[in-house]
1. Based on this model, can you work out whether residue 987 counts as closer than 30 Å to residue 923 by Cβ and at pLDDT below 95?
2. Suppose the filter is touching a residue at least 12 places away in the same chain (Cβ under 8 Å) and out of contact with any helix residue (DSSP H, G or I) (no Cβ under 8 Å at 6 or more places or on another chain); does residue 932 pass it?
3. Among what's in segment 373-385 and is buried (at least 19 other Cβ atoms within 10 Å of the Cβ) and either assigned by TED's automatic domain parsing to the domain that holds residue 276 or in contact with a helix residue (DSSP H, G or I) (Cβ under 9 Å, 6 or more places away or on another chain) (or both), pick the residue that is farthest from residue 332 (Cα to Cα).
4. Name the residues in segment 596-637 that are without any contact (Cβ under 8 Å) to a residue 24 or more places away in the chain and either under 20 Å from residue 666 (Cβ atoms) or not in a loop (DSSP other than H, G, I, E, B) (or both), would you?
5. Scan segment 819-847 for residues that are assigned to a loop (DSSP other than H, G, I, E, B) and closer than 15 Å to residue 783 by Cβ and report the count.
6. Would you confirm, using the coordinates I've provided, whether residue 864 is surrounded by fewer than 21 Cβ atoms within 10 Å (Cβ to Cβ) and outside any loop (DSSP other than H, G, I, E, B)?
7. Need pairs with beta-carbon distance below 8 Å; first residue outside the structural domain of residue 845 (by TED's automatic domain parsing) and touching a residue at least 40 places away in the same chain (Cβ under 8 Å) and within segment 810-825, second buried (at least 24 other Cβ atoms within 10 Å of the Cβ) and not in a strand (DSSP E or B); sequence gap 6+ or separate chains.
């Protein structure tokens, strides 16, 4: 109950308000007035009101007594006050007796004003026996048709109808009612407002519960609020008593919504009920939404109730209320429980179809007094406050027989049928109304014709307030003279297909329907032609079981029912078995997985699923299997920061999920949080790929918060953040197997933070990797594993940057008893030289970025079936899933220049830069993705400004959701920049050192430097440069620049890209003068002595001839000046260098004369040649005669021989042989003509004279004649 202190405060406030209103509207002196139809305004002789003007005059004396003597039409004021209509009487403290008359034509259009109504405020006054009908009232806050506010008043027998709309605290009768008695009053007003909206009263309160009450009253209009505290009768109570009252209109709102009362505080509700449907977002109840210390006695609720949370058939949320003999109907409310939340969920009793219409079911209720006995025909109604309905209805034929209504009469059923024989001419109806004051009107039933005849019984309110109710009766007059009791069917069909196994005497069947079937058409054939049937249900099938009832009525009223259970599958197909899994095609079907009948079944997606219609997805439990079929789930949004086990599934147990992609998810939870599942146990996951963001506290992972696995071929590119411990890119805490999986998102947490796994306890991790940055605000962070304990880790790697206050490792933050083999981390990108933050780093190898891109670095890894690599471009990636990445990026400026990108493109970096000429206005960027199915788009790159321009190169996966952005900084040179950024020389050095702003330099080169190349690099891309007037490309060497002895000027001119500026750099290159002494001081040769004797001034020499066997000689020259250099050549061949005072290399001699040239070059370039002539002789190596023998025997150096031949020999031949290249041989006899002879061949015959003959054989070198004669005398 409300505290005394609180009641005293409210009473004080109400009294102050009353005093303020009295001050604003002072009481007039009571006296007779000719403006009224009579009376003097005293309670015993009230002013009589007969017209609108007289009623309007009440405002001039609001404390007097008034009485209507006629109906009042206020429509004359409908357009008054600039279209705002009736001006509410500001304050009324007198009495108004309507004497049963009505006020019509009330129009108030004051949406900007509070307290809109017939009266703005009734303070201490009374209104009775008045009807305000068909009113149209619009106000702001505290508004109602009768009055905006009523304090300390008395309202009796006042009724309203029409429409009422406003802001907060709005009611069909009044807005705010405090410490007032309302009795025998009602409203049939359509009411709409924001919050605290009621069909009769918006807000009702009391200082004393016993003095503030609502009794024997009702509200039948529909009520709608856009906010909270909306009720069919009252929006909110603050104390007070409500007795013997009801509400039957529909009620809609957001929170704290009830069929009778939206929110109750410290009130008493007794002998009251609600029958209208109720809907809201949360805290929704059939009778009351939220209730605080409310006493309920003998109340019930039967309207349909719908809400998202905290919903009950009787009440939404209960706190410390008391209950005696209260009920709700689960079938009609649609609620399994009486309360959404209550300390006593059994405070209200559930009604059943069997007992709902029996007085005995309502133990302790006052039937015959307060309540009318329903007698099995409907819910109980109040004896003195009943709606317009019948309590009983019978049909009486004029032939004295009995006619039975079908179905049997119930007050809530409005359509009936009755059959009569052919001899019945008329039919009368005996009807009893539930409300004794009702009017009953019957139509039809006379002059009946064969066939269907229409009749009706209407129950109406003589006051015109309560909603009338009409019962329709179809009188079927038969052509036969007797009625039949045969109510059987001979067949039953669903959508034209006969029900399998149908039999007339079997009354229950089950029919299966696919999810696409939203309705069925049930038809039947009756056994007897005079029987009729009706079909109830089948028009709007829900998923699961749907009851379709075929009611067959024989002509004598006998009724049989056949029940069809139409089972509509909530899925697109399948039966939920492993062989035929349920097929999931829509988000609504996916949501059905959570239901009790399905969560242990097998499922397969056959389409992508968009969950964006679920504003805050409620994680569900799964014990079955889910095959994603390669489809994706999008639109997953979960914001449950105070809830554990959060993800698409909260807990996955004993099954499998595979081949599923969840993209662009946004998941927030507390502990055990992951995009796919908060908790994974006794379950396998394969081919899972997730992206988006995940946030939580402890055990937070991209895909799984906590996993007992196994997990295979899965990945996450989600960003993962945990405020606590055990945070991982793929799994927060792992106890199972993880294989061929990876994570690429950034991971942040307090401790035990890893790129792939936050904390691994005895798990097995193989063939997996992580590339995301890992940050721990506390200790223990690793590129792959934050904290690895007693696990087995083989063939894995990590590349992400790792940061922690301590225990940070490139591969694992902490290692305790784990077995590691062939694991790697990137020492460059991780910033860590140690594989483990604490513990041994054995089994882990640190590699540079370059080494990470080479297959040879990963010894014994399986690159045949598991891994692959783009050599020099990427680190290893899994064959089962190519990551998002580029292998190259090409940038072309609008000038046509192809510009380089730095650093080299790979899968590790996402930031690059390039420089384009100042004349470039845009760039074209292309890239090659690892997966050819991925798409590359470029954002930016047009309308370049000078300096830095941001371009985004976006790589989008084939699924259209996963993305990776590369940041490309395009630096556009200043087109007016005319300068160099670098200048290098092929010889010498700049003095001073190069600076862009320094334009004059000195260069010294060695004396032997006769040419120079310069390489200028422009500072502004697009600038042009010339060297000594010749064009040179930036960064390329110039042409050879000849250097004279002494100073040579080199001029470099740079012109800006826009040709508005230029800059000239001048180089003075000094080449010093040198010695001109090119003399030798000595010269010797292995060919022999020089002739003449050597002298430095003599340059031509010869040597004795050398034998043919001497094929080469050397020379030894000595320079007179040590700065001179020497080169030697022979016979015009290649000159070779010789060190002064040293032998030259062997100089090859030809047969004959050889010319050896010794060239001396002085320091200043002066040259001098010394020549040596060396003759190499020719010779024979063999000589034979065709007759005779040489004497002496042949020798190469012997030139004279003798030989004797017989007298009979008149000629002979000679066969000379030589090895001298190019030599020729001739032979002659006795000074005759010489004939040529080929080496090794016989000569032609040489004629001999009798006696002595001289034969000459001459061998001559090829080019010159240096003969060697061999004579035979």
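The values are calculated or read from the model by the stated rules, or taken from the named source; none is laboratory data. This structure is a prediction, so every number in the text was calculated from the model and none was measured. Here Cβ is always computed from backbone atoms with ideal geometry, including for glycine, and neighbour counts include all displayed protein chains.
1. Spelling it out, it is not the case that residue 987 is closer than 30 Å to residue 923 by Cβ and at pLDDT below 95.
2. Numbers: touching a residue at least 12 places away in the same chain (Cβ under 8 Å): no; out of contact with any helix residue (DSSP H, G or I) (no Cβ under 8 Å at 6 or more places or on another chain): yes.
Against the criterion (touching a residue at least 12 places away in the same chain (Cβ under 8 Å) and out of contact with any helix residue (DSSP H, G or I) (no Cβ under 8 Å at 6 or more places or on another chain)), residue 932 does not qualify.
3. Checking each candidate, the answer is 374.
4. Selection gives 615 alone.
5. 8
6. In short, no.
7. From segment 810-825, no pairs qualify.
For every residue, the table says whether it meets (1) part of a loop (DSSP other than H, G, I, E, B); (2) within 29 Å of residue 466 (Cα to Cα).
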residue: 35; (1), (2): yes, no
residue: 58; (1), (2): no, yes
residue: 81; (1), (2): no, no
residue: 96; (1), (2): no, yes
residue: 108; (1), (2): no, yes
residue: 129; (1), (2): no, yes
residue: 132; (1), (2): no, yes
